[in-house]
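Okay, so here's the structure we're looking at.
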Amino acid sequence: MSAPTGETTLHVAGPTPYDVVIGHGVADRLTGLLGDGAARVALVVPETLRELAAPVREALAADRRLTELVVPDGEAAKTVATAATCWDALGEAGFTRSDVVVTFGGGATTDLGGWVAAGWLRGVPVVHVPTTLLAMVDAAVGGKTGVNTAAGKNLVGAFHEPAGVLCDLSLLATLPRADLVAGLGEVVKCGFIADPRILELVESTDPAALTADSPELRELVERSVQVKIDVVVGDLRETAGTAGEGHPGREALNYGHTMGHAIERAERYGVRHGEAVAIGSVFVAELARRAGVLDDMTADRHATAFGRVGLPTGYAGAPYDDLRAAMAVDKKSRGDQLRFVVLHGVGDPRVLAGPSEEHLRAAYDAMVARA
Ligand SMILES: NC(=O)c1ccc[n+]([C@@H]2O[C@H](COP(=O)([O-])OP(=O)(O)OC[C@H]3O[C@@H](n4cnc5c(N)ncnc54)[C@H](O)[C@@H]3O)[C@@H](O)[C@H]2O)c1
Ligand SMILES: O=C(O)C(=O)C[C@@H](O)[C@H](O)[C@H](O)COP(=O)(O)O
Ligand SMILES: [Zn+2]
């Protein structure tokens, strides 16, 4: 970790190691990450962020042939059709394996751009420049990429680790408050699954003080990225999770996502991912309480911590049966059995396989009552 100034480099070990650089102005480091062999670079950027990306575009175009892949804003970009359009453009540009994809945007952009890079020529390097809090602390790190299908969230994709991640905190200055707050959903999640200090910080800091230039936000970013790194390094391809005893491996990062993704789909992605994760985490804490594995105080702490930063903790928009059906296609499911990440305590994530319908319904009812 570091003082609030200067830059912090967190290393991600593994078969394709890379660094996550955190600080102010670190996007300037981008060209240094591209390698000498890259004659071409493709910049994946949503239309709405083109102006913000101007310095990055200029730097990339100075020494390389730049193809700009302008994609729809937010979740609308995460489609097979958008990816196909990007691949057509890479084909026209004659993009080779020594060339590099750069993403500039929130988690939707890094997910899409990462998958475009994973698919092109079966894998070309990608460097992420996340511009939202959520993408900095979560989406840009760890190599999960993908898009949505009609059946649900992130159902098509690949694991493709980036060659580097530049978290330039200055970029957060223009991020709408609601999107910054949504990013705190994944931050608080990291607190519950692995780092109690994150919860203490969130509980003791005035949420209004969590701004782009605040040392408190920076500490939350660094701690959350470290949680993500520690988990993915231990289980890069999400294969370690079992039911019952033991750590669920990478599935721990999916805490709150089973219900969260179902809500996103039911709302046609009109709810922010981080908001849905907050609701889903409160839901699954209730489920764990009902299942007898989580104490009351820790279960209740969920609504308090997520609510404190301004995140929703309840939801009453879709009937139980719709959400139950959407949860069935979650990647953690095995056959007809739902599997949830639950806590047995703060920092103690486990798998709960095949919870009773009675407990699921009761947790759903509590979620509706909280809305
Ligand atoms: N791959 C992973 O491990 C992973 C992890 C977490 C989330 N995700 C995915 O990330 C997505 C959510 O990411 P998100 O919350 O960043 O949403 P997002 O990418 O939709 O961005 C949210 C909004 O913020 C705007 N924006 C982005 N940066 C800005 C800036 N600096 N200034 C002004 N506006 C800015 C965008 O234009 C967009 O409208 C979801 O699709 C989720 O599934 C992936
Ligand atoms: O990196 C992971 O692993 C995660 O689960 C992080 C999540 O926050 C993220 O939303 C991820 O995209 C969810 O993955 P999915 O496999 O459930 O679609
Ligand atoms: Zn998430």
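The values are calculated or read from the model by the stated rules, or taken from the named source; none is laboratory data. All figures in this text were calculated on a predicted structure; none of them were measured in a lab. Positions of Cβ are backbone-derived with ideal geometry, glycine not excepted, and every protein chain shown enters the neighbour counts.
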Exercise for the section: Would you point out which residue out of Thr313, Thr298 is among the polar types (S, T, N, Q), modelled with pLDDT of 95 or more and touching a strand residue (DSSP E or B) at 6+ places or on another chain (Cβ under 8 Å)? Expected result: Thr298
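Answer with yes or no whether Ala158 is more than 14 Å from ligand 3 (Cβ to nearest atom), within 21 Å of Pro207 (Cα to Cα) and either free of Cβ contacts under 8 Å to residues at least 40 places away in the same chain or outside any loop (DSSP other than H, G, I, E, B) (or both). First the steps, then the outcome.
On the way: more than 14 Å from ligand 3 (Cβ to nearest atom): yes; within 21 Å of Pro207 (Cα to Cα): no; either free of Cβ contacts under 8 Å to residues at least 40 places away in the same chain or outside any loop (DSSP other than H, G, I, E, B) (or both): yes.
When the stated conditions are applied, Ala158 does not pass them.
Restricting to the range 229-273, and then to whatever is of a type outside the set (A, V, I, L, M, F, W, C) and in contact with a Ser or Thr (Cβ under 9 Å, 6 or more places away or on another chain), can you tell me which residue is nearest to ligand 3 (Cβ to nearest atom)? If you could, list the steps in order and put the result at the bottom.
Step one: filter the range 229-273 for residues of a type outside the set (A, V, I, L, M, F, W, C), giving 230, 234-235, 237-239, 241-242, 244-251, 254-258, 260-261, 264-265, 267-270, 272-273.
Next cut, in contact with a Ser or Thr (Cβ under 9 Å, 6 or more places away or on another chain) only: 248-250, 255-258, 260.
Working: Pro248: 15, Gly249: 16, Arg250: 12, Tyr255: 9, Gly256: 8, His257: 6, Thr258: 11, Gly260: 7 Å.
If we take residues in the range 229-273 being of a type outside the set (A, V, I, L, M, F, W, C) and in contact with a Ser or Thr (Cβ under 9 Å, 6 or more places away or on another chain), then His257 is nearest to ligand 3 (Cβ to nearest atom).
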Practice task
Say whether the condition of being closer than 14 Å to Val116 by Cβ, in contact (Cβ under 8 Å) with a residue 12 or more places away in the chain and not in a strand (DSSP E or B) is met by at least one residue in the range 57-73.
Solution key: yes
Practice task
Take Gly292 and decide whether it is without any contact (Cβ under 8 Å) to a residue 24 or more places away in the chain, more than 13 Å from ligand 1 (Cβ to nearest atom) and assigned by TED's automatic domain parsing to the domain that holds Ile229.
Solution key: yes
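For the structure I just gave you, tell me whether Tyr255 is among the hydroxyl-bearing types (Ser, Thr, Tyr) and over 23 Å from Leu201 (Cα atoms). If you could, list the steps in order and put the result at the bottom.
Numbers: among the hydroxyl-bearing types (Ser, Thr, Tyr): yes; over 23 Å from Leu201 (Cα atoms): no.
Against the criterion (among the hydroxyl-bearing types (Ser, Thr, Tyr) and over 23 Å from Leu201 (Cα atoms)), Tyr255 does not qualify.
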Practice task
Please go through the range 100-149 and pick out each residue that is among the hydrophobic types (A, V, I, L, M, F, W, C), within 12 Å of ligand 3 (Cβ to nearest atom) and in contact with a Lys or Arg (Cβ under 8 Å, 6 or more places away or on another chain).
Solution key: Ala108, Val137, Val141
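Suppose the filter is within 8 Å of ligand 1 (Cβ to nearest atom) and part of a helix (DSSP H, G or I); does Leu134 pass it? Walk me through it before giving the result.
Values: within 8 Å of ligand 1 (Cβ to nearest atom): yes; part of a helix (DSSP H, G or I): yes.
Here the answer is yes, as Leu134 does meet what is asked.
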Handout entry: Hey, Arg237 at pLDDT 95 or above and surrounded by fewer than 24 Cβ atoms within 10 Å (Cβ to Cβ) or not
Key = no
Practice task
Among the residues of the range 30-60, write down those that are within 18 Å of Arg97 (Cβ to Cβ) and of a type in the set (Lys, Arg).
Solution key: Arg40
Exercise for the section: Could you give me the residue pairs with C-beta distances under 6 Å whose first residue belongs to the range 265-284 and is of a type in the set (S, T, N, Q), whose second residue is more than 13 Å from ligand 1 (Cβ to nearest atom) and part of a helix (DSSP H, G or I) wherever it lies, and which are 6+ apart or on separate chains? Expected result: Ser281/His302
Exercise for the section: Output the residues belonging to the range 31-52 that are touching an Asp or Glu at 6+ places or on another chain (Cβ under 9 Å) and either within 16 Å of ligand 3 (Cβ to nearest atom) or assigned to a helix (DSSP H, G or I) (or both). Expected result: Thr31, Leu33, Glu47, Thr48, Leu49
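Which one is surrounded by the fewest Cβ atoms within 10 Å (Cβ to Cβ), of the residues in the range 337-358 that are part of a loop (DSSP other than H, G, I, E, B) and in contact with a strand residue (DSSP E or B) (Cβ under 6 Å, 6 or more places away or on another chain)?
Gly354
Going through the range 101-124 one residue at a time, which ones are surrounded by fewer than 24 Cβ atoms within 10 Å (Cβ to Cβ) and touching a residue at least 40 places away in the same chain (Cβ under 8 Å)? Talk me through it step by step, then tell me what you get.
Going through the range 101-124, the residues surrounded by fewer than 24 Cβ atoms within 10 Å (Cβ to Cβ) turn out to be 118-124.
Of everything in the range 101-124, just one residue is surrounded by fewer than 24 Cβ atoms within 10 Å (Cβ to Cβ) and touching a residue at least 40 places away in the same chain (Cβ under 8 Å), namely Ala118.
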Exercise for the section: Restrict the check to the range 312-322 and report whether at least one residue is without any contact (Cβ under 8 Å) to a residue 12 or more places away in the chain, assigned by TED's automatic domain parsing to the domain that holds Gly241 and more than 30 Å from Ala209 (Cα to Cα). Expected result: yes
Practice task
Output the residues belonging to the range 295-314 that are part of a loop (DSSP other than H, G, I, E, B) and over 13 Å from Ala363 (Cα atoms).
Solution key: Asp295, Val309, Gly310, Leu311, Pro312
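Run down Ala81, Ala93, Ala38 and say which single residue is more than 24 Å from the chain's Cα centre (by Cα), surrounded by fewer than 17 Cβ atoms within 10 Å (Cβ to Cβ) and of a type in the set (A, V, I, L, M, F, W, C).
Numbers: Ala81 fails: more than 24 Å from the chain's Cα centre (by Cα); Ala38 fails: surrounded by fewer than 17 Cβ atoms within 10 Å (Cβ to Cβ).
Criteria check complete, one pass: Ala93.
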Handout entry: Among (1) closer than 17 Å to Asp138 by Cβ; (2) more than 16 Å from ligand 2 (Cβ to nearest atom), the one test that Ser281 misses
Key = (2)
